[in-house]
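Chemist: Dumping the structure here so I can ask a few things about it.
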Amino acid sequence: MDEQRVITVALAGQPNVGKSSVFNTLTGLNQHVGNWPGKTVEQRTGTFAYNGVTYRLVDLPGTYSLTANSLEEVIAREYIIRERPDVVAVILSAPVLERNLYLVAELLGLEAPLVVGLNMVDVAEQEGMRIEPRVLEAAMGIPVVPMTATKGLGIQELVRAVDEVAHGRTPQQPQRPEIRRDHQEVLDQLLALIGARAPEGYPAQWVALKLLEGDGEISALMSQRIPAEEWAAVSRILLEHEDAVIAVAGGRYEWVARMVRAAVVRPRAGQITLTSQLDRIATHPFWGLLVLAGILGVVFWLTYTVGAPLQEWLQVTVVGGLGQLITSALAGGPRWLTALLVDGVLGGAGTVITFLPILAIFFATLGLLEDVGYMARAAYVMDRFMHLMGMHGKSFLPLFLGFGCNVSSVVGARVIESPRARLLTVLISPLVPCTGRMAVVTFLAPLFFGRGALAVTWGLVAINLVALAVLGVVLSKTLLRGEQVAFIMEMPLYHLPNPRTIAIQVWQRVGEFLHKAGTMILLVSVLIWLLGAVPTGEIQTSLLAAIGRGLEPVGRLMGLDWRMMLALLSSFAAKENSLATLGVLFGAGDSAGSLGSVLQAAIGARAAWAFLVVQMLFVPCVATVAAMRQETRSWGWTLAGVVLLLVLSLLGGTAAYQIAGLL
């Protein structure tokens, strides 16, 4: 083997086995996150060096098997077959070894060089299990390395084993599972028919087994490669033996059972494990909700007590300081250049910067909860409630975080595995009242409703939550109908988190947001500034004002003049912009006192109520729209979500104004 070439290692395993910990420990920041070509599934690749050799590590999607039941399973097996990595390192979870070994049974059929990383052996010991890695290695005929990835234990031993296999110093003598004996003859008949017609890289026996399992992808592939008469004979065999799938799976399960009997000593009967003890409370229909409420309360507290002050500090000190610095530096230059850099460029970039504390807190908290194994419990206790809105339990936490920032809510939806539920969550997330919307309500409600301001505020929040629930039901029954899939989740065992894995995830996701969403925010913010500056440099006579006056006929249905409509439009950059825009347009500046008195004199309570309803339901800010485009990877769905909210807000404002006139 040429020592100078890059050795490719595919990292395989079922979900919740600790693959991310292994991947992040080995690659650190030397990794790239993208999508598989032509697919929406995330692809992670990275590099590391060992003994002077560069290794390319490819993190395959987590899969329970290699049957074409999901896009992830197809990607994983096609990569191994077609790309032919030098080694496949399959990570197993020791506490649930029996379930994990089924994937190994399938991987052995692909004839790829394998190394097994037996992870979470410490958790298995806590659960009362004892596993003999050397016995398991002898039984399977492939290297087995015990590991505790969260503590960095066994990682170097895994790399050493991979290196040995890659360079041919550890020969592979795998003990592969066999089909159940009562169907061995059927398998032989298929092998005789397909013969050498299996595509290059596809083991003939593996192809025959997949045909017996009814794998649609393999069936379509082979039907194009085998003459019609011979394919008809293959089809007759498959029709006569429709129960063969049981024989194939049965052979694998028998193999798994032999491995477990040889190497695993289970806890004694009646022993209650730590996970079982904790789940008595965490998954209880009542106590589980209290636990979830407490955890989310802590998250909410962190967001407001830590994230919000940091966000304000960044806005005042960093963004404001840079603005003053630019203004001073360009004091003798053109006013338009100063305004462009301060209000347009810095205003857009500053919006991105101020989101960082909330995003970092969200991703760190989410990573911690997921890494210890609690996220599945939170999804479980909320699943029945979220199903009423056409979503799954995992949608709850991202939606909850929307009270801090809708960007966090939209970006956080990526933890939802179901594409349909993830898209639905992204589309309705902007209806969660964020801090920007609440800032406008907190200022305006007392001006127009006095002692009734608190009731009005709660009423506005209730309107949004009801609209969120109704829209979720409507979308799940109309635009997204027919895509409903069963929600099956695994309850992983509780284990200690890996700080390195969490930190790298936070770094990657925040960086991705800055790179993608930040660019769009900057461009849109500059565009809004330009519309408000040309042709006279005054917003009252600008193109933006002309747009507002053009919308005045729509505003009359809600009792709003062009200035109020323009304030709504300006909230597209940031929701708090509504107040500053009102101050400018009503000639009162943006100070609280002067703006309040002028608005009270110019606007009635009925129009103010309609304005607040529209403001709460209005299209999200540009940062949220950018995040929606980033997460859906579709301008169509993003624009559909924006238009839907625009129509909903205008209808809501009109209804609020007209109904208030009848009271």
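The values are calculated or read from the model by the stated rules, or taken from the named source; none is laboratory data. Since this is a predicted model, take the numbers as computed values, not measurements. In this analysis, Cβ positions are derived from the backbone assuming ideal geometry, glycine residues included, and neighbour counts consider all displayed protein chains.
Chemist: For the stretch 107-130, how many residues meet the condition of being over 30 Å from Val74 (Cα atoms) and touching a Pro at 6+ places or on another chain (Cβ under 8 Å)?
Modeler: Quick first cut of the stretch 107-130, residues over 30 Å from Val74 (Cα atoms) only: 122-130.
Next cut, touching a Pro at 6+ places or on another chain (Cβ under 8 Å) only: 123-124, 127-129.
Number of matching residues: 5.
Chemist: Please determine, by comparing only the residues of the stretch 196-220 that are surrounded by fewer than 16 Cβ atoms within 10 Å (Cβ to Cβ) and aliphatic (A, V, I, L, M), which one is modelled with the lowest pLDDT.
Modeler: Narrowing the stretch 196-220 to residues surrounded by fewer than 16 Cβ atoms within 10 Å (Cβ to Cβ): 196-197, 199-201, 203-204, 214, 216-217, 220.
With the extra rule that they be aliphatic (A, V, I, L, M), the set shrinks to 196, 204, 220.
Values: Ala196: 77, Ala204: 90, Ala220: 89.
Result: Ala196.
Chemist: Turning to a different aspect of this structure: Mind checking whether some residue in the stretch 85-93 is among the hydroxyl-bearing types (Ser, Thr, Tyr) and closer than 25 Å to Ala208 by Cβ? Show your work before the answer.
Modeler: Keep residues of the stretch 85-93 that are among the hydroxyl-bearing types (Ser, Thr, Tyr), which gives 93.
Okay, now just the ones that are also closer than 25 Å to Ala208 by Cβ, so none.
For the stretch 85-93, residues among the hydroxyl-bearing types (Ser, Thr, Tyr) and closer than 25 Å to Ala208 by Cβ: absent.
Chemist: Here's a follow-up. Select the helices (runs of 4 or more DSSP H) contained entirely in the stretch 290-350, then report the ones holding at least 3 residues which are under 22 Å from Ala364 (Cα atoms) and modelled with pLDDT of 75 or more. Reasoning before the result, please.
Modeler: Working: elements: 308-313, 320-329, 335-339.
Helices (runs of 4 or more DSSP H) meeting the threshold: 308-313.
Chemist: Quickly run through the stretch 153-212 and pick out the residues that are among the basic types (Lys, Arg) and part of a helix (DSSP H, G or I). Please lay out each step first, then the result.
Modeler: First, pick out the residues of the stretch 153-212 that are among the basic types (Lys, Arg): 160, 169, 176, 180-181, 197, 210.
Result: Arg160, Arg181, Arg197, Lys210.
Chemist: Here's a follow-up. Just for the stretch 15-65: of the residues that are out of contact with any strand residue (DSSP E or B) (no Cβ under 9 Å at 6 or more places or on another chain) and at positive phi, which one is surrounded by the fewest Cβ atoms within 10 Å (Cβ to Cβ)?
Modeler: This residue is Gly38.
Chemist: Looking only at residues that are in a helix (DSSP H, G or I) and small (Gly, Ala, Ser) in the stretch 91-147, which one is surrounded by the fewest Cβ atoms within 10 Å (Cβ to Cβ)?
Modeler: Filtering the stretch 91-147 down to residues in a helix (DSSP H, G or I) leaves 94-109, 121-126, 133-140.
Imposing the further condition that a residue be small (Gly, Ala, Ser) reduces the set to 94, 105, 109, 124, 138-139.
On the way: Ala94: 27, Ala105: 21, Gly109: 19, Ala124: 23, Ala138: 15, Ala139: 18.
So, considering only residues that are in a helix (DSSP H, G or I) and small (Gly, Ala, Ser), the one surrounded by the fewest Cβ atoms within 10 Å (Cβ to Cβ) is Ala138.
Residue-by-condition table, conditions (1) within 20 Å of Arg509 (Cβ to Cβ); (2) outside the structural domain of Pro15 (by TED's automatic domain parsing); (3) of a type in the set (A, V, I, L, M); (4) not in a helix (DSSP H, G or I):
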| residue | (1), (2), (3), (4) |
| --- | --- |
| Ala379 | yes, yes, yes, no |
| Met386 | no, yes, yes, no |
| Gly412 | yes, yes, no, no |
| Thr442 | no, yes, no, no |
| Val466 | no, yes, yes, no |
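A quick yes/no check of all residues on (1) more than 23 Å from Leu108 (Cβ to Cβ); (2) hydrophobic (A, V, I, L, M, F, W, C); (3) assigned by TED's automatic domain parsing to the domain that holds Ala112:
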| site | (1), (2), (3) |
| --- | --- |
| Trp206 | no, yes, no |
| Leu209 | no, yes, no |
| Leu212 | no, yes, no |
| Met222 | no, yes, no |
| Ala232 | yes, yes, no |
| Val248 | no, yes, no |
| Trp255 | no, yes, no |
| Ser276 | yes, no, no |
| Ala282 | yes, yes, no |
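Chemist: Shifting gears a bit: Kindly provide the set of residues from the stretch 630-659 that are part of a helix (DSSP H, G or I) and at pLDDT below 90, ordered by number.
Modeler: Kept after step one, since they are part of a helix (DSSP H, G or I), are these residues of the stretch 630-659: 630-632, 635-659.
Within the stretch 630-659, Gln630, Glu631, Thr632 meet the criteria.
Chemist: How many residues, within the stretch 221-236, are touching a residue at least 24 places away in the same chain (Cβ under 8 Å) and surrounded by fewer than 17 Cβ atoms within 10 Å (Cβ to Cβ)?
Modeler: Initially, the stretch 221-236 is screened for residues touching a residue at least 24 places away in the same chain (Cβ under 8 Å), giving 222, 225-226, 230, 233-234.
If we keep only those that are surrounded by fewer than 17 Cβ atoms within 10 Å (Cβ to Cβ) too, we end up with 225, 230, 233.
Qualifying residue count, the stretch 221-236: 3.
Chemist: Out of everything in the stretch 474-494 that is surrounded by 14 or more Cβ atoms within 10 Å (Cβ to Cβ) and modelled with pLDDT of 75 or more, what residue ends up being nearest to Leu29 (Cα to Cα)?
Modeler: Tyr494
Chemist: Could you tell me which residue of the stretch 161-180 is farthest from Leu26 (Cα to Cα), considering only residues that are in contact (Cβ under 8 Å) with a residue 12 or more places away in the chain and among the charged types (D, E, K, R)?
Modeler: Initial filter on the stretch 161-180 (in contact (Cβ under 8 Å) with a residue 12 or more places away in the chain): 161-168, 170, 172-180.
Narrowing further to those that are among the charged types (D, E, K, R): 163-164, 176, 178, 180.
Values: Asp163: 14, Glu164: 17, Arg176: 29, Glu178: 35, Arg180: 40 Å.
Result: Arg180.
For every residue, the table says whether it meets (1) at pLDDT 90 or above; (2) aliphatic (A, V, I, L, M); (3) under 21 Å from Tyr253 (Cα atoms); (4) more than 23 Å from the chain's Cα centre (by Cα).
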position: Ala68; (1), (2), (3), (4): no, yes, yes, no
position: Leu71; (1), (2), (3), (4): no, yes, no, no
position: Glu83; (1), (2), (3), (4): yes, no, no, yes
position: Leu97; (1), (2), (3), (4): yes, yes, yes, yes
position: Leu103; (1), (2), (3), (4): yes, yes, yes, yes
